[in-house]
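The values are calculated or read from the model by the stated rules, or taken from the named source; none is laboratory data. Because the structure is a prediction, the values reported are computed rather than measured. FYI the Cβ positions are ideal-geometry reconstructions off the backbone, even for glycines, and counts take in every protein chain you see. The protein model used for the area step is the full one, side chains on, heavy atoms only, and it has no ligands, DNA or RNA in it. Shrake-Rupley method; radii C 1.70, N 1.55, O 1.52, S 1.80 Å.
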Amino acid sequence: MEIIICPDAAAASLSTADQLASLLHTKPGAVLGLATGGTPLALYAELISKFQKHQVDFSQASSFNLDEYIGLEPGHPASYQHFMEENLFRHINMPVGNTHIPDGLAADVPAHCEAYELAIRNAGGIDLQILGIGTDGHIGFNEPTSSLASRTRIKTLTERTRSDNARFFSSMDDVPHHVITMGIGTIMESRAISLLAFGESKASAIANMVEGAVTASVPASILQMHPTVRVFLDEAAASKLERRDYYHHVFAQKPHWQKW
Ligand code: PGA
């Protein structure tokens, strides 16, 4: 795990956007794993800005989103379909048919989840997965005690996650209980992963993920077992890491050829 502590969320988002743009430069048909929530908003704004400046081209790229709420009508302002349209897709040139988000209105959820897994495989697998992290250590919507080998499936949200996400809905009662999420096993098959976390509210989850034991109680801790994970943090999200000084030191001493 490479821990990159940036001065602020804007700097971290810019570094992640640079990494993604560089991937698309070397592999124009790259398969991107995308996330929603508050965390990737600045990253998506950076990508849109790069696209407008002709610094990145999505015309051959494709994407798979991590998750979606079950039961929200199409166009519901809190649906992840709507989020992605508004915050990224309608501003860039990725062909609509190349973007994939789990269908929260699927009549047969298990069959849809199996088809989603197959679509990822048929696309050649995810080259770079963008992740946020929940305050409870979830990745995607894989809540604590999710199987570390899980595949795309239905999950029931914890009340903590429903409460964390209530800000996107009119009231807590409107937050769905169920979601479809890529599994932890699915996420772990991505060739590279970049996780972003900002703010004090994420500091405990980050410390547990990076320096704690690998446990289903902190789903993100499984990333310790992945060979190519970059963790982009601001100072607040890094504030509970015991080895913070070491991570700064590693980054400062990084050989030039290792930079992306
Ligand atoms: P957030 O959510 O980006 O809105 O903080 C992160 C997550 O739940 O994975």
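Quick check: pseudo-label points 7 Å beyond the Cα along Cα→Cβ at residue 123 and residue 249, how many nm apart are they?
Output for this residue pair reads 4.1 nm.
For a quick protection proxy, order the peptides 83-95, 32-44, 142-154 by their average other-Cβ count within 10 Å, most packed first.
Going from most to least packed, we get 32-44, 142-154, 83-95.
Quick one: pull the percent of accessible area on the chain belonging to carbon and sulfur, 1.4 Å probe, ligands and nucleic acids left out.
Working: 6090 of 11390 Å².
Answer for the chain: carbon and sulfur cover 53 percent of the accessible area.
Below 14 angstrom from the Cβ of residue 36, what's the summed charge of the other residues (Lys, Arg +1; Asp, Glu -1)? Could you put the intermediate results ahead of the total?
Values: positive: 167; negative: 67, 68, 85, 86, 164.
Overall, the nearby charge balance is -4.
Roughly what would the spin-label model give for residue 105 and residue 171, points 7 Å off Cα along C-beta, in nm?
2.4 nm
Measure off 7 Å from each Cα along the Cα-to-Cβ vector at residue 256 and residue 52, then give the distance between these two points in nanometres to one decimal.
Spacing of the two 7 Å Cα→Cβ label points: 3.4 nm.
Sorted by mean Cβ packing within 10 Å, highest first, what order do the peptides 252-258, 76-82 take?
76-82, 252-258
Calculated FRET efficiency, residue 114 and residue 145, Cβ-Cβ r, R0 22 Å, to nearest 0.05?
Here the calculated transfer efficiency is 0.45.
Check the straight Cα-Cα distances from residue 240 and name the aspartates and glutamates below 20 Å, setting aside those fewer than 8 residues away within the same chain.
2, 8, 136, 200, 211
Any idea of the accessible area per residue across the chain, 1.4 Å probe, to the nearest Å²?
Result: 44 Å² per residue.
Using a Förster radius of 30 Å, what is the FRET efficiency between residue 96 and residue 18 based on their Cβ-Cβ separation? Nearest 0.05, please.
0.70
If you count only protein heavy atoms and use a 1.4 Å probe, how large is the accessible surface of residue 1, to the nearest 10 Å²?
80 Å²
May I ask which of 27/155; 50/254; 53/155; 53/202 have a Cα-Cα span longer than 30 Å here?
Checking Cα-Cα distances, 27/155; 53/155; 53/202 exceed 30 Å.
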